[in-house]
1. Would you mind ranking ARG11, ARG75 by Cβ crowding within 10 Å, fewest neighbours first?
2. Measure nothing fancy, just the Cα-based angle from helix 145-155's long axis to the longest principal axis of the chain, in degrees from 0 to 90, nearest 10.
3. Of TYR93, LEU33, LEU74, which is farthest towards the positive pole of the chain's charge dipole, taken about the Cα centre with +1 and -1 on the beta-carbons of Lys, Arg and Asp, Glu respectively?
4. Give me the Kirkwood hydrodynamic radius of the chain, using the inverse of the mean 1/r over all pairs of distinct Cα atoms, in Å to one decimal.
5. So, in nm, how far is label ARG86 from label VAL166 when the simple model puts each one 7 Å beyond its Cα toward the Cβ?
6. If you take the charge dipole of the chain about its Cα centre, with +1 on Lys and Arg Cβ and -1 on Asp and Glu Cβ, which of ILE169, GLN62, SER111 is farthest toward its positive end?
7. About its Cα centre, what dipole magnitude does the chain give when the only charges are +1 on Lys and Arg Cβ and -1 on Asp and Glu Cβ, stated in debye to the nearest 20?
8. List, largest first, the extents of the alpha carbons of region 90-158 along their principal axes, each in whole Å.
Amino acid sequence: MSQDLDFHPERAEEERRRAEEEQFARRVRREVLRVQSGEAEEDLRADREAEEAEAKARAAEQAQRERRKANPILRLFSGSILVSERLTRNYPYLITIAVMFLINIMVIFWSLHLDMRYSRLEREVQMLREQSIRLEEQRYRMTNHSAVVEELARRGIPIGDPEHPVEIIP
């Protein structure tokens, strides 16, 4: 049995290269004919016009993006304002201002708390004053001359004027 293996890799490579060269030669001939007939110039002009239109569209889109970037309200809502170069230089100042605001709020609440405490203590003092006045009135009612005389009479202690006049020592 004889096997007929007629496979030569060099020959297959040669055939492939020859087919590519023929295809390239056909394309070159077609392009030469197009250039001679003027079709290529029309295609080039159409390509240039398409590129110009595309460049204009890109420029318009870029201008619209720049307008959006320049709008501070949109930048504020989107958060892109936080990454702008001008603002990043001011971060230490902004942080200082924020800390000062927080300290201010703390002091305001502290002073409100102290004011409420002062008001409460003032009410308590007022109540104690009123109670003191009532007790003083009760003491006066209980210690006036007639009350003392009555209490002494009830206990059986006689009251009389002193036998010797009271001497005032100068």
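Nothing in this text is a laboratory measurement; each read-out follows from the coordinates by a stated rule. From a predicted model like this one, the values you see are computed outputs, not experimental measurements. Quick reminder, even Gly has a Cβ in these numbers, built from the backbone with ideal geometry, and neighbours come from all protein chains shown.
1. Numbers: ARG11 10, ARG75 17.
Going from least to most buried by this count: ARG11, ARG75.
2. The angle comes out near 70 degrees.
3. TYR93
4. Numbers: mean 1/r = 0.0322 Å⁻¹.
One decimal place: 31.0 Å for the Kirkwood radius.
5. 9.2
6. ILE169
7. 720
8. Between the extreme Cα coordinates on each principal axis of region 90-158 lie 94, 13, 11 Å.
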